[in-house]
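Step one of this worksheet: look at the structure below.
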């Protein structure tokens, strides 16, 4: 099983329920390795890749990442520079970490209706025919998540 | 003796058709064109074009950034030109994800053989990848042909996923959602399609990307003037001699995604 992201409890009581749209924004996603599905659960901190993808289990949605598949170059070939030099006009490194957002409007409203505390769990499920990564290997390497609402 | 002059081709937009609507002649032309490029071992051949997306290095494709849609539109354009160089009239079809009651590889791409011969749309040869590059991926022996495992690695996207993308108000929002659909289909097809280094060696790759390109076109129709951010319009789409701006009009690239294209004869003609 791959590494699971679980948040601390997030108080949503102060969020006005009348928003038109709510997005979970996943920052800093790694896409250098295998393809994977990231399954999103609300208030299901014990979710694993064996947890059913049904609303009663807290499942909200998934997003997919089509992975680079590893590095075919020499050591260092796929290392993303931490910063770019001034006047480095080349395009950003191809494997610069990605941002992906998922709209979770109805699920967020339900959390607020149910008391307003949210624990977010994201379960990455590697989608590859190759040997699976070790349990402590994390294909997402998620940097941070934000929940954004729009009136 | 009267001499015959070559007739210049007419400037008619080619229509990319959905796979299920290909005529027998169109399908035959497509198969003939793929067979032809499989057999060419230079920069007109299939391995060259598939290799631009993946291995051999450099991997030039753009994913998970805003160049995803423009880069792949350019890629389809140049590969389609390479097909037409071999078979006039061969155009890339698009995969209507929801044509079948259940998610399925379209029949013309799912049949291992046609009329007793191998079907060139069933699988593609994986050639031209330096063994040391393949070995570094740790993926075992390099397969000689592509393979698929539909449905084994993940579910198929829903019509709602596509609708959500088409309803997106900005290019950035649309790109995020439609790339999600795209990534999902790569995973659903599975096998070599689920791996960037070799995905484009599978012939279904090109029909899949035509669908994504068509969705962008449909989104453009519904959101006139909603272009990619101005700061990226001049960005080059390496290795192609095109910028983002060059990809914004499919008609300027000589094709369309019409549901029907019927030649209307003049009365009395």
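Numbers for the structure displayed
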read-out: All positions within the range B:119-132 that are surrounded by 19 or more Cβ atoms within 10 Å (Cβ to Cβ) and within 14 Å of another protein chain (Cβ to nearest Cβ); value: B:126, B:129
read-out: Complete set of residues in the range B:93-114 that are under 23 Å from residue B:144 (Cα atoms) and either surrounded by fewer than 16 Cβ atoms within 10 Å (Cβ to Cβ) or at pLDDT below 95 (or both); value: B:107, B:110, B:111, B:112, B:113, B:114
read-out: Residue in the range B:214-223 that is touching a residue at least 24 places away in the same chain (Cβ under 8 Å), within 18 Å of residue A:98 (Cβ to Cβ) and part of a helix (DSSP H, G or I) present; value: no
read-out: Scope the range B:180-193; condition under 19 Å from residue B:96 (Cα atoms) and within 8 Å of another protein chain (Cβ to nearest Cβ); matching residues; value: B:180, B:182, B:183, B:184, B:186, B:187, B:190
read-out: Residue A:38, sole failed condition from (1) in a strand (DSSP E or B); (2) in contact with a helix residue (DSSP H, G or I) (Cβ under 7 Å, 6 or more places away or on another chain); (3) within 12 Å of chain B (Cβ to nearest Cβ); value: (2)
read-out: Unmet requirement for residue B:60, which otherwise passes all of (1) away from chain A (no Cβ under 14 Å); (2) part of a loop (DSSP other than H, G, I, E, B); (3) surrounded by fewer than 17 Cβ atoms within 10 Å (Cβ to Cβ); value: (1)
read-out: Looking only at the range B:9-26, and only at residues there that are under 17 Å from residue B:85 (Cα atoms) and in contact with a strand residue (DSSP E or B) (Cβ under 9 Å, 6 or more places away or on another chain), the one that is surrounded by the fewest Cβ atoms within 10 Å (Cβ to Cβ); value: B:13
read-out: Flag for residue B:195 being under 19 Å from residue A:98 (Cα atoms), buried (at least 24 other Cβ atoms within 10 Å of the Cβ) and touching a helix residue (DSSP H, G or I) at 6+ places or on another chain (Cβ under 8 Å); value: no
read-out: Test: residue in the range A:49-61 that is in contact with a helix residue (DSSP H, G or I) (Cβ under 9 Å, 6 or more places away or on another chain), facing chain B (nearest Cβ under 10 Å) and free of Cβ contacts under 8 Å to residues at least 60 places away in the same chain; value: yes
read-out: Within the range B:144-160, considering residues that are over 20 Å from the mean Cα position of the chain (by Cα) and at the interface with chain A (Cβ under 10 Å from one of its Cβ atoms), the one surrounded by the most Cβ atoms within 10 Å (Cβ to Cβ); value: B:153
read-out: Options A:10, A:65, A:25; residue that is more than 10 Å from chain B (Cβ to nearest Cβ) and either more than 24 Å from residue B:194 (Cα to Cα) or surrounded by 14 or more Cβ atoms within 10 Å (Cβ to Cβ) (or both); value: A:10
read-out: Residue identified as in contact with a helix residue (DSSP H, G or I) (Cβ under 8 Å, 6 or more places away or on another chain), free of Cβ contacts under 8 Å to residues at least 60 places away in the same chain and closer than 30 Å to residue B:137 by Cβ among A:69, A:73; value: A:73
read-out: Counted residues, the range A:95-118 - those being part of a loop (DSSP other than H, G, I, E, B) and either in contact (Cβ under 8 Å) with a residue 24 or more places away in the chain or loosely packed, with under 13 Cβ neighbours inside 10 Å (or both); value: 6
read-out: Among (1) in a helix (DSSP H, G or I); (2) in contact (Cβ under 8 Å) with a residue 60 or more places away in the chain; (3) over 18 Å from residue B:110 (Cα atoms), the one test that residue B:37 misses; value: (2)
read-out: Selection count where residues are within 14 Å of chain A (Cβ to nearest Cβ) and over 9 Å from residue B:70 (Cβ atoms), scope the range B:230-257; value: 6
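Quick grid of which residues meet (1) surrounded by 14 or more Cβ atoms within 10 Å (Cβ to Cβ); (2) touching a helix residue (DSSP H, G or I) at 6+ places or on another chain (Cβ under 8 Å); (3) within 18 Å of residue B:175 (Cα to Cα):
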{"position": "B:231", "(1), (2), (3)": "no, no, yes"}
{"position": "B:238", "(1), (2), (3)": "yes, no, no"}
{"position": "B:247", "(1), (2), (3)": "yes, yes, yes"}
{"position": "B:251", "(1), (2), (3)": "no, no, no"}
{"position": "B:257", "(1), (2), (3)": "yes, yes, no"}
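The values are calculated or read from the model by the stated rules, or taken from the named source; none is laboratory data. Here the structure is a predicted model, which means the values were calculated and not measured. Neighbour counts are summed over all protein chains in view; Cβ atoms, including those assigned to glycine, are modelled from backbone coordinates with ideal geometry.
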